[in-house]
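The structure appears right after this line, and notes come after that.
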Amino acid sequence: MAILVVGSVAFDSIETPHGKVDHCLGGAATHFSLAASYFTDVRVIAVVGKDFSAENEAVMTRRGIDTRGLERADGLSFHWTGAYSGNMDEAKTLGTDLNVFANFEPKIPEAYKDTEYLFLANIDPVLQARVRSQMPKVKMVCGDTMNYWIADHRANLEKVMRELNVLLINDGEVRMLAGEKNLVVAAEKVLAMGPKTLVVKHGEYGATAFFSERSFGGGLKARHPFRAPALPLAEVVDPTGAGDSFAGGFYGYLASQPELTPAVFRKAMFYGGVMGSFAVERFGTERLQNVTREEIDARFKLFQEISHLDYTGA
């Protein structure tokens, strides 16, 4: 089963206590695509500028990612500059140059119209809605957003949320969206806005899934969540893209399975954690480019050991 991801392919300039890199390959769609490519076929729609080289594209195509949806525009690619300090739990944004991304209008190639899994990465909810409307036959839709869209584009975002099987955002965004400090209460309010299932990312503390009565055909309640821990790491080099890598591992595994069940969903959350843990070990996408499936499965076993995850029959 193929996944279509619509989002940003960009360059990042990053400084952390472990060093500094300039214009390394980044972007939500890039991290997501690389992580998901270890589980299933991936197609990507994004816009890049004239500074996006054949070698940059080869980072994706070497992983089998279909890049026919990459639009090349006259200008420079989206460029983000940020710095981390201390425990690196949050980046300080030093610069955001949207460049060609400012006029991004996703165009869906005819060859992509049969895609069964759609991931709407963090872009304008108006664009998310347009893409969703052009993909009426998708089996499952997962989406992401951020505080900017929640604060200033709420009406458009709420329209998108009604179309989502899974909303995947961080705990601060859940509380902001719901106007509630308590995460369980906030999750119930967000689920009432439309998503069938909510996956909340907690960074280095893992992720929690909240279910509605519409999850898996009914029967699961938001007050009975599932928590997947993060893997303790000796060293975190660059947290940029960890959440998108989690999403790629999570959704990639879901798309690789013949049926969506609670057991499959739980296992997918652990694979999301696995891919997020690899992403932070190097700057940019370097680690995701070179990890092996054997390493992925070995790290999944570590998750089993620390969590006692029972995935028999998944």
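Just a few scattered comments:
- Being closer than 28 Å to His202 by Cβ, among the hydrophobic types (A, V, I, L, M, F, W, C) and in contact (Cβ under 8 Å) with a residue 24 or more places away in the chain is a description that does not apply to Val48.
- Residues of segment 1-30 classified as in a strand (DSSP E or B) and of a type in the set (A, V, I, L, M), total: 9
- If you check Val274, Val237 for being part of a helix (DSSP H, G or I) and either under 30 Å from Asn56 (Cα atoms) or in contact with a Leu (Cβ under 9 Å, 6 or more places away or on another chain) (or both), only one passes: Val274.
- Search result, residues across segment 175-214 that are part of a helix (DSSP H, G or I), under 19 Å from Ala91 (Cα atoms) and not aromatic (Phe, Trp, Tyr): Met176, Gly203, Glu204
- Among (1) without any contact (Cβ under 8 Å) to a residue 12 or more places away in the chain; (2) touching a strand residue (DSSP E or B) at 6+ places or on another chain (Cβ under 7 Å), the one test that Glu259 misses: (2)
- For segment 11-46, a residue qualifies if it is of a type in the set (A, V, I, L, M) and closer than 27 Å to Ser256 by Cα, and the qualifying residues are Leu25, Ala28, Ala29, Leu34, Ala35, Ala36, Val42, Val44, Ile45, Ala46.
- In segment 102-129, the residues that are free of Cβ contacts under 8 Å to residues at least 40 places away in the same chain form Cβ pairs under 6 Å with partners that are in a helix (DSSP H, G or I) and surrounded by fewer than 17 Cβ atoms within 10 Å (Cβ to Cβ), at six or more places apart or across chains, as follows: Pro125/Asn156; Val126/Asn156; Ala129/Lys159.
- Counting the residues of segment 89-120 that are hydrophobic (A, V, I, L, M, F, W, C), touching a strand residue (DSSP E or B) at 6+ places or on another chain (Cβ under 6 Å) and in a loop (DSSP other than H, G, I, E, B) gives 2.
Here, each number is a calculation from the coordinates, and none is a lab measurement. Just so it is clear, the model here is predicted, and its values are computed rather than measured. Because the Cβ atoms are built from the backbone with ideal geometry, glycine has one as well, and the counts that use them run over all protein chains shown.
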